[in-house]
Amino acid sequence: MSDKKASSKSIFSKYLTVGNLIKIPAAVGTLRGLWDAVNWSAAETDVRNELRQKIAIVGAPNSGKSTLFNTLQGKYRSPVSEKSGSTTDSVVTSFGMFTLVDTPGHKKQIQLDEVKQAVAALFVLDGSHPITETEIELFAALQDIGKPVIIALNKCDLPAYSEELRQSAVAALNMRHIIAVSALRGDHVLDDLIPAIIEISPDAALLIGKAAPVYRSDAAKRIIRNSALITLTAGLEPIPLVDIPIILSAQIRMVLRIAALFGDPISSENAKELITAIAGSLLIRYLAEETAKAAPFGGDLISGAMAAAGTWSIGMAALAYFENDKKLQTSQLQALYKNLLASFRSLQNPKEAIDRLSK
């Protein structure tokens, strides 16, 4: 319908009139109650637990799992050998706050059990020969688990490797993004593989951003994008006020995760203060979102877009706050938030806006 084709500016402004806002003035008190009722300590606990999660490295025997494992952590704790299957048991160690698990290739069930407990899997293929039935079967088992999987085609430094081998693996696994790397030399590990892991999962992004400061900004943007999409979906709920706890919870966890990336002590009280400082009269803004739902046509779409815009803007302002060593004043944060909000609302499609502005 025509409302959906209108520009974001008209979508946001059409129903946010004084007449609409005064229809539900009692909701301010309700919103304050919801704000206070949000389980801040649970959010804090969740983020602490997320920082203890892991990414599992799996693959067939002699694919280079141990070498990649050692390259990523910069140490040599996992036994590496030319003999197939030299790792005889799961080796667990830490790469900063990022825990990697190197599993024996010949023990498929151990690998799958590790993946079930992980946030994502890094599946290592041997790029010196065509993909094998063993690798295809292992990948199928990984897909059945349902965790995000990144595929690294290792040994791209060897003469036996070719682009044709990579394309045959792409066809066999029906996966477009297979990243050719050299675990031994480190080729394409830091510049291609790690960013791909950040993109595949916000949980993995948190782990990597915490462990490696060079990836903090990219990791934070991945977390912000995911949170904005969650609140966009929540805001589409047509019944007023039902979505507020979900939106607040997503925003709280987002700010806590960004703080964790920068090594800030995880405190739900700090997150609450920062969100309030950035967004200013946050409850009134939420009231506007809920009032938009009273519009006869497209009100839920407007509310969802507003929720996404607010979340994305809070996240980006929080990122700027931590990137500036927490030196931004409240007035600067609020000005930044308003400018970010305006830039988001200038784009028509909320999902496209999230993707475009988070790059």
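Among the listed pairs Lys54/Lys359; Lys108/Lys351; Lys116/Lys210; Lys210/Lys327; Lys54/Lys338, those whose Cα-Cα separation exceeds 31 Å are Lys108/Lys351; Lys54/Lys338. Among Asp325, Asp46, the ranking by other beta carbons within 10 Å of each residue's beta carbon, starting with the fewest, stands as Asp325, Asp46. Highest-first packing order for the peptide set 332-338, 193-199 is 193-199, 332-338, based on the mean count of other beta carbon atoms within 10 Å.
Rank the residues Arg48, Arg216, Arg225 as a footprinting-exposure proxy: fewest other Cβ atoms within 10 Å of their Cβ go first.
On the way: Arg48 12, Arg216 21, Arg225 24.
Fewest-to-most Cβ neighbours within 10 Å comes out as Arg48, Arg216, Arg225.
So, R0 is 41 Å and r is the distance between the beta-carbons of Lys107 and Glu352; what FRET efficiency does that work out to, to 0.05? Computed FRET efficiency for Lys107 and Glu352: 0.35.
Taking the Cβ of each residue in Val170, Val149, Val124 as the centre, tally the other Cβ atoms inside 10 Å and list the residues starting with the fewest. Write out the running numbers ahead of the final one.
Details: Val170 16, Val149 20, Val124 28.
Final ranking by Cβ density, sparse to dense: Val170, Val149, Val124.
With K and R counted +1 and D and E -1, the other residues having a Cβ less than 11 Å from that of Pro130 yield a net charge of -3. Phi angles of the stretch 112-124 translate, via the Karplus equation with coefficients 6.51, -1.76, 1.60 and θ = phi - 60°, into HN-Hα couplings of 5, 5, 5, 5, 4, 8, 9, 7, 6, 10, 10, 9, 9 Hz per residue; Gly and Pro are given as x. Across the stretch 139-152, rounded Karplus estimates of 3J(HN,Hα) from the backbone phi angles (6.51 cos²θ - 1.76 cosθ + 1.60, θ = phi - 60°) give 5, 4, 5, 5, 4, 5, 5, x, 8, x, 10, 10, 10, 10 Hz, Gly and Pro being marked x.
Read-outs: derived from the displayed coordinates by stated rules, not from any lab. Computed from a prediction, not measured in an experiment: that's the story for all the values here. Every residue, glycine as well, gets a Cβ built from its backbone with ideal geometry; the counts of neighbours run over all protein chains shown.
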